[in-house]
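S.K.: Take this structure, written in structure tokens, and hold onto it; I'll ask about it next.
What follows is calculated from the coordinates using simple rules that are stated; it is not laboratory data. Given the structure is predicted, the values throughout are model-derived calculations rather than measurements. A quick note on method: Cβ atoms are made from the backbone with ideal geometry, for glycine too, and the neighbour counts reach across all protein chains shown.
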Amino acid sequence: MRAGDGAFRRAWRQMREDPWLQGVALTSLTVALAILGAYLNLYLNLQQAAQRASLGPGLILALPDSAPLNQAQALARELGALTAVERVTVVDQAQALERLRQQLGPDQDLLAGLEGNPLPATVELRLRPGADVEVLAQSLRGRPEVAQVVTSRPWLRGLLQAQATLTTLGLALGVLLFAGVVLLVVNTVRLAVHLRRNQLEVLDLVGATGAYVRWPFVLEAMLQAVVAAMAASLLVWGLFRLLAAPAPLPLGLDLSDLLGFSWRTGLVLAALAAVAGALGGLWGVGRALRPRDLA
Amino acid sequence: MGAMILLSRVAKRYPGRQAPALERVDLHVPPGQFVYLTGPSGAGKTTLLRLLFAAEAPSSGVVKVGGSDLGRLKQSQIPLLRRKIGVIFQDFKLIQGRSVFENVALALRVAGINGRQLPGRVEEVLRRVGLWEQARTLAGDLSGGEQQRAAVARALVGRPPLLLADEPTGNLDPDSAREVMRLILEAHGRGATVLVATHDPALLGLVQGARVVRLRAGRLEEGA
């Protein structure tokens, strides 16, 4: 007989027989996974925000007010052929104004008093990784069709430099939280083994193999973790909705970018919970049911 | 003649205890024999039984059951050995929160017997021990005598060639004790080798022609 035969059915039966234990396990796992989920959500949102920022143009060429659009397009074609350049975008004056209007969000009334459009048309260059921004900027500064060359904002450069370190730190903290969930599963399984000691003795007596006894515990831990992950996702979603600032922030910033909770994050959390359940289940049942206990 | 049970110079010592639980024990039980293992409390009866279903290992000597040398068995082979041995305990060892049917069926399920065969075999053995009407009753709701009959049913449902009973009537009134012994004797009549450990002399008269071996301070003597 294969060890897994009927293991799911036996796991489900074990769970139904111990509603108190299920309550304890689900409550504690939900809280632990909610902490992990909140962290994961913030981490992923920050990563996305940083990615969005880092994908901004590496170089912006402001054109003179008098420059016709076809001149900007010719410049864009020329620069787009350079190997250092990944993408070129021409933003005419109207588009630039519209972009500013969107960034201002509810404060766009500030633009109402403007006479005409003060913004220049621009050619935005996104450079390939490793391209030297300063060398390219230097070569463009003397050209008559370019009024001003703007390189990446200094704060962004600093952010990009710090990003690698922050990613490593963030991952380390995430692993620590994940390990906490695994340890919680281990202890829950050990508690279950302790409560079912008499039942396990009987199973041992009638000739149940170690695998026959262990698999339901592992599956039970995985089921608990996945159900707890769903509950935790709901909690985090609700919490982040509460925390998201109801009033929009200036400059078009929106906290919902950081405090949004997508169903994809919920799926990632459920997958992590299943893995934690499997790892903790195997570890917990392995520690609690050593061979000499089963023989 | 081959042996269902063979013990050769078996000793069992526990750490921290000066006197050995078993000392130079030799025992040969041929297939189909009914054996009473008697002796006062603490004589080593339970220890000897635990050696036979590999719950413990001897400190020295050889233990063979059904031709298998238990000292040479791998950990993974022990469950397979236990499926060939029915064991009955004084305290029943039933899962209290499960029905009589489920307790008995467990012995078949762990052996991979499921599907259509299972209900029929459980019903057959429960009718034999007179518990079919209570098949859906939780084990914890049965009387002591009924619980022991359920334990006997569980021990017999796998049709094991060897039946071990450790003080099977210790917690029962005389009528229930007689009924349980009748069931054990019936299993013997179907060909099972039976070893009953008891300190109750009243039980010895219930089975005519049974062999009696006595444990005294860890040593085995033939005869009551």
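S.K.: Checking the a/c ratio against 1.5 first, then a/b against b/c, what shape does the Cα gyration tensor give for the stretch B:98-159?
M.R.: prolate
S.K.: Is there a simple number for the mean count of other chain Cβ atoms within 10 Å of the Cβ of residues in B:90-101, and what is it?
M.R.: 2
S.K.: Helix hunt in chain A: which complete DSSP H runs extend at least 30 Å axially by C-alpha with mean Kyte-Doolittle at least 0.0?
M.R.: Long hydrophobic helices here: A:19-54, A:154-195, A:210-243, A:263-288.
S.K.: Straight-line reach from B:Lys74: which aspartates and glutamates have Cα under 18 Å away, leaving out those fewer than 8 places along the same chain?
M.R.: A:Asp204, A:Asp293, B:Glu56
S.K.: A further question on this structure: What is the packing order of peptides A:96-107, B:184-195, B:129-140, A:181-192, taking the mean over residues of other C-beta atoms within 10 Å and listing the highest first?
M.R.: Ranked by mean Cβ neighbours within 10 Å, highest first: A:181-192, B:184-195, B:129-140, A:96-107.
S.K.: Taking only Cα atoms, what is the 0 to 90° angle, nearest 10, from helix B:144-157's long axis to the longest principal axis of chain B?
M.R.: Around 80 degrees separate the two axes.
S.K.: Continuing with this model, one more query. Considering the stretch B:1-130, what Rg and Dmax in Å follow from its alpha-carbon atoms?
M.R.: Answer for the stretch B:1-130, Rg first and Dmax second: 17.1, 53 Å.
S.K.: May I pose another question? Counting each pair of different Cα atoms once, what's the Kirkwood radius of chain B in Å, rounded to one decimal?
M.R.: Kirkwood radius, chain B: 17.8 Å.
S.K.: Quick one: the Cα spread of the protein assembly as shown along its three principal axes, in angstroms, biggest first?
M.R.: Computed over the Cα atoms, the extents are 123, 45, 42 Å.
S.K.: Further, regarding this structure: Taking 56 Å as R0, compute the FRET efficiency from the Cβ-Cβ separation of A:Arg87 and A:Thr27 and round it to 0.05.
M.R.: 0.65
S.K.: Can you tell me the 0 to 90 degree angle between the C-alpha axis of helix B:100-109 and the longest principal axis of chain B, rounded to 10?
M.R.: Its long axis makes an angle of about 60 degrees.
S.K.: Let me know the mean shielding of B:75-88 by other chains, meaning the per-residue number of their Cβ atoms within 10 Å of its Cβ.
M.R.: 4
S.K.: Sticking with this one: Arrange the peptides B:150-156, A:132-138 so that the one whose residues have, on average, the most other Cβ atoms within 10 Å appears first.
M.R.: Ranked by mean Cβ neighbours within 10 Å, highest first: B:150-156, A:132-138.
S.K.: A further question follows. Using r as the Cβ-Cβ distance of B:Arg182 and B:Thr137, and R0 as 22 Å, what FRET efficiency do you calculate, to the nearest 0.05?
M.R.: Result of the calculation: an efficiency of 0.55.
S.K.: Moving to a separate point now. Once the Cα gyration tensor of the stretch A:57-151 is found, what semi-axes does its equivalent ellipsoid get, as square roots of 5 times the eigenvalues, in whole Å, sorted largest first?
M.R.: Values for the stretch A:57-151, descending: 26, 15, 11 Å.
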